[in-house]
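Taken together, the values in this text are just the output of simple stated rules run on the coordinates, not laboratory data. This structure is a prediction, so every number in the text was calculated from the model and none was measured. We place every Cβ from the backbone using ideal geometry, glycine too, and count neighbours over all the protein chains shown.
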Amino acid sequence: MSKGTVLVIDDEPQIQKMLGIILAHADYDVVHADNGEKGLAAVAYKKPQAVLLDMGLPDMEGFDVLLRIREFSDPAVIVVSVQGQEAIKVKCLENGADDYITKPFSALELTARLSAVLRRKASSGIMEDVFDNAGLRVEFNSRGVTLNGKPLKLTSIEYNLLSLLIKNTGRVLTVRQILKEVWATDNEERANSVRVYLNHLRQKIEDNPAVPARIINEPGIGYRFNLL
């Protein structure tokens with residue numbers, strides 16, 4: 001049974017072929033487009049559940065394709081980028097991309113990222129009263145947090161950070177997005193506050209804060225919360 005339709009917008013035939021094989025093997029239906037305009041038409045008419053969007057397209061910027069997709073549709077969008085494009089990744093994440101993947105990537109990484117964003121999309125707007133994973137329990141109604149059954153004392157900012165990350169599990173949140181949600185500002189001069197408070201939070205919820213497994217730093221981009 002198909003897991004859904006994935007649109008690949010990429011002008012490189014070898015990449016299209018490789019992604020087609022990987023996605024078909026993972027039980028997705030695959031649609032291809034080799035430029036931005038064809039990709040936008042495919043989004044409109046094929047209505048894919050997810051889009052793999054390359055940034056280097058021959059007719060228009062990948063970022064502009066993302067913005068136009070978000071004007072009329074809401075599939076999961078994973079940006080495909082090359083190394084060294086941190087600024088582009090941040091720009092895309094702050095303007096509607098659900099995730100990014102850097103070339104070269106493995107089939108396992110691609111299918112794992114795709115599954116994660118599709119699960120997140122499917123559960124969008126549905127938030128359980130309680131989060132419970134590997135001993136970490138958060139009761140959102142009471143703002144209570146326990147680790148392995150023992151209550152954790154969190155400051156208001158620490159709790160708000162943890163809640164934000166959990167509600168976006170698997171998604172990279174940029175520093176600016178975190179500042180907007182927790183500090184109600186987009187002044188990146190306060191980025192150090194994010195680092196400081198996340199380090200405090202790691203000290204309380206990570207088994208080994210020096211090698212965190214839950215709150216992962218995405219260098220140059222932001223932070224991602226992982227399930228254990």
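Each peptide in 113-120, 3-10, 190-197 receives the mean, over its residues, of other Cβ atoms within 10 Å, and ordering these scores from highest gives 3-10, 113-120, 190-197.
By its C-alpha gyration tensor, with a ≥ b ≥ c as the square roots of the eigenvalues, how is region 86-183 shaped: rounded for a/c under 1.5, else prolate for a/b larger than b/c, else oblate? Prolate shape, in that a/c is at least 1.5 and a/b is the bigger ratio. When only the Cβ of Lys, Arg, Asp and Glu is charged (+1, +1, -1, -1), the dipole of the chain relative to its Cα centre reaches about 800 debye. Relative to the longest principal axis of the Cα atoms of the chain, helix 191-205 runs at roughly 70 degrees. Relative contact order for the chain: 13 percent, from Cα pairs under 8 Å spaced at least 6 residues apart, divided by residue count. Per residue, the chain reaches -12000 deg cm²/dmol at 222 nm when only DSSP H runs of four or more residues are counted, each adding -39500 (n - 2.57). Label-to-label distance, Lys17 versus Arg195, with points set 7 angstrom from Cα along the beta-carbon direction: 4.5 nm. A Förster radius of 45 Å combined with the Cβ-Cβ distance from Asn148 to Leu67 puts the calculated FRET efficiency at roughly 0.50.
The peptide list 37-49, 12-24, put in order of mean Cβ contacts within 10 Å with the highest first, becomes 37-49, 12-24. Normalising the average separation of contacting C-alpha pairs (under 8 angstrom, six or more residues apart) by the number of residues puts the relative contact order of region 5-122 at 23 percent. Relative to the dominant Cα principal axis of the chain, helix 36-46 is inclined by about 80°.
Counting only DSSP beta bridges with both residues in the chain, the antiparallel share comes to about 45 percent. Against the set (i) 15.7; (ii) 13.3; (iii) 12.7, the structure's computed mean projected area of the Cα convex hull in nm² falls on (ii). Using the Cβ-Cβ distance between Thr102 and Asp59 with R0 set to 22 Å, the FRET efficiency from 1/(1 + (r/R0)^6) comes to roughly 0.40.
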